[in-house]
Amino acid sequence: MTNGKPLHYIGLSSVDSTNTWAKEHVAECAKEALTCIYAREQTAGRGRSGKHWLSPKDTNIYASYVFFLPKDFKALHNLGQILALSCVSTLKSLSLLPVIKWPNDILINRKKIAGILGELVELKDSYAAIVGIGVNVNMTSEMLARIDQPATSILALLSKPQDIMSILASLSQAFHSDLVRALREGFSPFYPQYNALLDRLGEEIRVENRGERLRGICLGIDTEGRLLLQSPGKEPMSIPQILTISSGEIS
Ligand code: BTN
């Protein structure tokens, strides 16, 4: 326990999804703690945009962090980005060099190694935040080939099986200290590190935003974590515009 916020763990053998389990058990999580709910396998792991998250037994990290926030907490929409930074520092401690694909995918060599799914439950006087993370730890290349997008794992990169629980412990400690800082200072101390790790900075990207497809140069994020895109404008010869995007997927 550090900074007055205890870190609790709840380990499950098999669960549909740690995020779903967390949502159903919010009332059992201590109000002042950071609770990490992790599982050996998920039978219906959930990804962003309704996608499935492949979660074979005793292979990877499947964890959801639960904590409570006051209703006026300013960085409510940056929690996934903060966990992405905690994950980057954990992977760097294993000598890996990850980058972040906005808003919170973690990539190495342009392949996804970890994904984050954040959800909020509104309570009477607070929000319960549920921030789930899947990190591909010991997936073999055969398993990775079953994923519908380019994916990698720590095993594939280091050619050595890893201790899942010690990586989960490092990740949880990193997130605990980042969260304590975010509770005090909001997202602003994280914003420069995030921009320094952003994939495709200065490159032309396409973003799918609420059914609209946008194209432009990736300028980084603003202090609130929104993506800044320099768009060429709709008409030929129009003045380029800077678009501020708060949700979407980069393709
Ligand atoms: C994504 O990149 O699409 C997000 C993936 C999030 C996966 C994790 S695994 C633990 C937690 N439980 C879930 O069902 N999803 C998240």
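A few points about this structure:
- Look at (1) more than 14 Å from the chain's Cα centre (by Cα); (2) surrounded by fewer than 19 Cβ atoms within 10 Å (Cβ to Cβ); (3) more than 15 Å from the ligand (Cβ to nearest atom) and you find that Lys111 fails only one, number (3).
- Ile133 buried (at least 24 other Cβ atoms within 10 Å of the Cβ) and not basic (Lys, Arg): yes
- In the stretch 157-200, the residues that are of a type in the set (Ser, Thr, Tyr) and exposed (fewer than 13 other Cβ atoms within 10 Å of the Cβ): Ser159, Ser166
- Applying the condition of being within 19 Å of Gly80 (Cα to Cα) and β-branched (Val, Ile, Thr) to the stretch 200-244 and asking which residue is modelled with the highest pLDDT yields Ile221.
- Note on the stretch 1-104: enclosed strands (runs of 3 or more DSSP E) holding 3 or more residues that are near the ligand (Cβ under 9 Å from one of its atoms) are 34-42, 61-70.
- Test result for Leu120, part of a strand (DSSP E or B), touching a strand residue (DSSP E or B) at 6+ places or on another chain (Cβ under 8 Å) and either under 23 Å from Trp53 (Cα atoms) or free of Cβ contacts under 8 Å to residues at least 40 places away in the same chain (or both): yes
The values are calculated or read from the model by the stated rules, or taken from the named source; none is laboratory data. All values reported here derive from a predicted model rather than from experimental measurement. All Cβ positions, even for glycine, are placed from backbone atoms using ideal geometry, and neighbour counts span all protein chains on display.
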